[in-house]
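Here is the structure we will look at, set down as C-alpha cells.
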Amino acid sequence: MQAAARYASAQKGLDILHCCVLDLIQEMVDAIKKGTYHAFRTSLMRLDALFIDNIWLLQSSRQTALAVFSLFEAFADKGGLVMIASDLPPSLLSEWAPAKR
C-alpha cells in the first residue's frame, strides 16, 4: 500500500490521502463534533486518490463501516481512486461491508 501511495504521489503527481482507517474515522468524528463535516468531506473530494490501510478494523461496527463506505462510494462516483488494504480476504469482508465495485 505504501509503495502504491508513494508512486501515485511522486510519479503520477496525484493528490492523495494515505492513512489507517482509524485515523480517517477519527477525522470524521472530529469534524462532526465541530460542525465542520461538510468542509472535511469537501477537502477529501478534492483529492485524486484515497489509500486506506487496515479496512478490516471496520468489522466491529456496521454503522461506522456504512459511513466510511458511503464516503468511498461518493469519492469513486466523482472519479477518484479508492484503494483499501486489509488483513482479511475479500470473502470475509463481504460479510459486513456494503456492496463493492
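About the Cα centre of the range 2-93, what is the dipole size in debye to 20, counting +1 per Lys and Arg Cβ and -1 per Asp and Glu Cβ, all else neutral?
Dipole of the range 2-93, to the nearest 20 debye: 180 debye.
Rounded to the nearest 500, what is the chain's calculated 222 nm mean residue ellipticity when only DSSP H runs of at least 4 contribute -39500 (n - 2.57) each, over all residues?
Only helices count here, giving -15500 deg cm²/dmol.
So for the pair Tyr37, Tyr7, with labels modelled 7 Å out along Cα→Cβ, what separation do we get in nm?
With each label placed 7 Å out from Cα toward Cβ, I get 3.6 nm.
Coordinate-derived values only; no laboratory data. From a predicted model like this one, the values you see are computed outputs, not experimental measurements. Cβ atoms come from the backbone with ideal geometry, glycine included; neighbour counts cover every protein chain shown.
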